Structures are given as structure tokens and as C-alpha cells.
1. Mind checking which pairs have a first residue in segment 8-26 that is within 17 Å of Ala40 (Cα to Cα) and in a loop (DSSP other than H, G, I, E, B) and a second that is at pLDDT 95 or above and of a type in the set (Ser, Thr, Tyr), Cβ under 9 Å, 6 or more apart or different chains?
2. I'd like to check something: does segment 29-39 contain any residue that is outside any helix (DSSP H, G or I), touching a Pro at 6+ places or on another chain (Cβ under 9 Å) and free of Cβ contacts under 8 Å to residues at least 12 places away in the same chain?
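The values are calculated or read from the model by the stated rules, or taken from the named source; none is laboratory data. Nothing here was measured: the structure is a model prediction, and the numbers come from that model. Here the Cβ positions follow ideal geometry from the backbone for every residue, glycine too, while neighbour counts run over all protein chains shown.
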Amino acid sequence: MQRVDLYLKVTVDLDETEEPERVAGEICRQLEKMQIVRSAEVSNTSKRE
């Protein structure tokens, strides 16, 4: 079996009160629930106008 690193770009619309790091952490937790996902991490966040 081979291991592959996937690099994803996800754009989300957040309210001013929501913290990007919290949302990113929740996305990682949801991905880790999948049987084939060994780990998920956030490497960067950036704001867009």
C-alpha cells in the first residue's frame, strides 16, 4: 500500500466572530474520521479580501 500526501486549498466564508484556526481544526478533525486518512494538519491560513 502506498502513502500519498494531498495538498488541498479550501476557501471558506466566515463571520467576523469566527476564528479561522478553529474552523481549520474542525475540518482536520472531520477528515481524520475517514478511515483512509492517517493524519490531517493545517500548514497555513491567509485572509483574502
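1. Qualifying pairs under 9 Å: none.
2. Keep residues of segment 29-39 that are outside any helix (DSSP H, G or I), which gives 33-39.
Next, only the ones that are touching a Pro at 6+ places or on another chain (Cβ under 9 Å) stay: none.
Checked segment 29-39: no residue is outside any helix (DSSP H, G or I), touching a Pro at 6+ places or on another chain (Cβ under 9 Å) and free of Cβ contacts under 8 Å to residues at least 12 places away in the same chain.
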